[in-house]
Amino acid sequence: MKTTISKIIDADKALGNLLQQKLPLAVSIQLGKIIEEIKPIFVKAQTYREEVLQKYGSLIESEGSTGQYKIKPENIKNFEDEMRKEFEVEIELTSPQIDPERLPDSCLTGAEAISLSWLWKGEGE
């Protein structure tokens, strides 16, 4: 299955919600394999994001602030370009897509289902 790193990051919450659902055993196993495959990609992306934030921004040092950065106005375009270049690259996952027909009807919101569109097997696949 093909997707981008940005789509995986955008689907993080929806994947978490899907993992909390009672699903058919075969779907749960398949989902677990997908999660195991994307976990290192997600961790690498978060590390990269942190490095780019440090490169183009400055750490906000205030009470209650935990690791937040402010991008300097003169660096916003470079920051966005670098993030887009890294996260919009298409990647190939070896895990098979999931047939959405095998999921319970009310296990996801519409927004979650859309954010997981890269995960769904289409008709005839």
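Inclusion of E80 among residues that are more than 23 Å from N17 (Cα to Cα) and touching a strand residue (DSSP E or B) at 6+ places or on another chain (Cβ under 8 Å) is not warranted. Checked against (1) touching a residue at least 40 places away in the same chain (Cβ under 8 Å); (2) assigned to a strand (DSSP E or B); (3) of a type in the set (D, E, K, R), K70 passes all but condition (1).
Which residues, counting only those in the stretch 25-37, are touching a residue at least 60 places away in the same chain (Cβ under 8 Å) and either touching a helix residue (DSSP H, G or I) at 6+ places or on another chain (Cβ under 6 Å) or among the small types (G, A, S) (or both)?
Step one: of the stretch 25-37, the residues touching a residue at least 60 places away in the same chain (Cβ under 8 Å) are 26-27, 30-31, 33-34.
Those that are touching a residue at least 60 places away in the same chain (Cβ under 8 Å) and either touching a helix residue (DSSP H, G or I) at 6+ places or on another chain (Cβ under 6 Å) or among the small types (G, A, S) (or both): A26, V27.
All of L103, L119 fail the test of being touching a Ser or Thr at 6+ places or on another chain (Cβ under 9 Å) and either of a type outside the set (S, T, N, Q) or farther than 19 Å from T47 by Cβ (or both), apart from L119.
So, K77, is that one closer than 25 Å to I41 by Cα and among the basic types (K, R) or not? Step through it out loud before you land on a result.
Values: closer than 25 Å to I41 by Cα: yes; among the basic types (K, R): yes.
For K77, the condition - closer than 25 Å to I41 by Cα and among the basic types (K, R) - is met.
Considering the stretch 94-117, the residues that are more than 21 Å from P24 (Cβ to Cβ) and in contact (Cβ under 8 Å) with a residue 40 or more places away in the chain include one that is surrounded by the fewest Cβ atoms within 10 Å (Cβ to Cβ), namely T94.
No lab work stands behind these numbers, since they all come straight from the coordinates. No experiment lies behind these values; they were computed from the predicted model shown. Methodologically, a virtual Cβ is constructed for each residue, glycine included, from the backbone with ideal geometry; neighbour enumeration extends over all protein chains shown.
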